[in-house]
Amino acid sequence: MIVYHNGRFLPKDEVYLSPDDRGFLFGDGAYEVVRASKGRLFRAAAHWQRLQHSLSAIEIQYPTPTEQLDHVAAALLNQNQLAAAEATVYLQVTRGVALRKHSYPHPPVATTVYGFAAPFVPPREKCQAGVGVITVPDQRWSRCDLKVISLLPNVLANQQAQAAGAQEAVFVRDGVITEGSHTNFAAVREGALLTHPESCVILSGITRRAVLELCDELHVPILEVPLRESELESVDEAMLLGTTSDVMPVIRINEQQIGVGRPGPVTRRLQQAFHELFTRETSPNPDSHLEPPNRSRRCEEADSPEL
Ligand code: PDD
């Protein structure tokens, strides 16, 4: 496997990562996971923009042009024989190597950049049949809009879901459903899509944004409102949205069946529309580079605390 490390492409077992790396010691860094199909990235510009947003919020300087990140992703796919396959590209940037001390290294040190591409099998069966999820207390911090590598609460929550035979753990904060451990969450009630508004308690998911655009196109009303866990009984459908989950119907939350216990019609329409959008945007035509305007709201505009 050929990986990317600080500007070089090399076999994975030749990478030297320092034990003093702040990513290793503190989880001090940010990352992205991008889907690729036949060598084309889905909404790469939005991912790179989100990476820059995460990095600048945690004050890591990584002013790399997005064309260069596109180039890194393309080279990883090519050099790992994934240019004709379904794949994901992972890229992470940490604050770099310095003797352990909580405050930033002074003077600043070079960031550590690590990336790899991996084969990806789209979760078709789960998307067809629907999955169960559990709810767990949201024990994360107050900047969940940042895609940072310190993911312990997400790891613990997802493990709890796996142990319970569920696909995903959905976080509940102050009685409100925020998002999953590695997905956004949406529900359907009386034909409208309900999802938590963008704020510091959810990641502004690329898949979520795409699905909201599709709702506009399909005239599915959108309610970006907090949904209380106690209101789950009243929803007709639910779904997980994410780069590695696509639009995945949720048919059970804890012991409770959602709707009739099968993927519902709005979920199915959005699934189909998302599949078509993904296929179109990862197809070799000139329009595939066009991205719709970014409808995300920056966390700093919300009332939540800053770093
Ligand atoms: N996770 N919320 C959280 C907490 C996530 O970690 C992710 C993605 C999402 C969905 O965002 P997007 O549609 O942009 O993938 C929402 C990635 C896939 C991961 O950590 O592996």
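Expressed as an acute angle from 0 to 90° and rounded to the nearest 10, what is the orientation of the C-alpha long axis of helix 152-163 relative to the principal long axis of the chain?
Roughly 50 degrees, rounded to the nearest 10.
Looking at segment 47-150, which trypsin sites (Lys or Arg not before Pro) are in a loop (DSSP not H, G, I, E or B) and have at most 10 other Cβ atoms within 10 Å? Can you show the working numbers first?
Values: sites: Arg50, Arg95, Arg100, Lys101, Arg124, Lys126, Arg140, Arg143, Lys147; in loops: Arg95, Arg100, Lys101, Arg140, Arg143, Lys147.
Sites meeting the loop and neighbour criteria: Arg100.
Determine, for each peptide in 108-118, 149-159, the mean count of other beta carbons within 10 angstrom over its residues, then list the peptides with the highest first.
Values: 108-118: 18.5, 149-159: 16.2.
Most protected by this proxy first, the peptides run 108-118, 149-159.
Sorted from largest down, give the three principal axis spans of the alpha carbons of segment 2-119, whole angstrom values.
Reported extents, whole Å, longest axis first: 44, 31, 19.
For the chain, with a Gaussian network of springs between Cα atoms less than 10 Å apart, report the residue from Glu125, Glu168, Glu281 with the top mean-square fluctuation.
Taking springs between Cα atoms under 10 Å, the residue moving most is Glu125.
Post the alpha-carbon centroid distance, segment 43-65 to segment 99-171, in whole angstrom.
Centre-to-centre distance over Cα atoms comes out at 18 Å.
Please state the shape class of segment 124-281: rounded when a/c is under 1.5, otherwise prolate if a/b exceeds b/c and oblate if not, all from the C-alpha gyration tensor. Please list the in-between numbers first.
Numbers: a/c = 1.39, a/b = 1.24, b/c = 1.13.
Rounded, because the longest to shortest axis ratio a/c is under 1.5.
Quick check for me: using +1 on Lys/Arg Cβ and -1 on Asp/Glu Cβ, what's the dipole size of segment 175-287 about its Cα centre, in debye to the nearest 20? Don't skip to the answer; put the middle values down first.
On the way: 9 positive and 17 negative charges, 47 e Å.
My answer is approximately 220 debye.
Computed FRET efficiency, Cβ-Cβ of Glu125 and Ile58, R0 51 Å: what is it to the nearest 0.05?
Details: r = 37 Å, r/R0 = 0.73.
E between Glu125 and Ile58, to the nearest 0.05, is 0.85.
Set Lys and Arg Cβ to +1 and Asp and Glu Cβ to -1, take the dipole of segment 40-147 about its Cα centre, and tell me which of Leu99, Gly132, Ala87 lies farthest positive.
The residue sitting most towards the positive pole is Leu99.
Roughly what angle does helix 44-57 make with the longest principal axis of the chain, taking Cα atoms, 0 to 90 degrees, to the nearest 10?
With rounding to tens, the tilt is 70 degrees.
Quick one: among Ser54, Ser283, Ser181, which has the greatest mean-square fluctuation in a GNM of the chain with alpha-carbon springs under 10 angstrom?
Its mean-square fluctuation being the largest, the pick is Ser283.
Would you mind putting 216-222, 30-36 in packing order, based on average other-beta-carbon counts within 10 Å, highest first? Don't jump to the answer; show the numbers that get you there.
Values: 216-222: 12.3, 30-36: 22.9.
Descending mean neighbour count gives 30-36, 216-222.
Looking at the square roots a ≥ b ≥ c of the eigenvalues of the Cα gyration tensor of segment 78-165, which shape do they give, rounded for a/c under 1.5, prolate if a/b is larger than b/c, or oblate?
Details: a/c = 3.39, a/b = 1.29, b/c = 2.62.
In terms of gyration-tensor shape, oblate.
Return the equivalent ellipsoid semi-axes of the chain as a descending list in whole Å, where each equals the square root of 5 times an eigenvalue of the C-alpha gyration tensor. Each step should come with its number before you reach the end.
Values: eigenvalues 203, 109, 65 Å².
Ellipsoid half-lengths, sorted descending, are 32, 23, 18 Å.
Each value in this text was obtained by applying a stated rule to the coordinates, not by laboratory testing. Just so it is clear, the model here is predicted, and its values are computed rather than measured. Cβ: placed from backbone, ideal geometry, glycine included. Neighbour counts: every protein chain shown.
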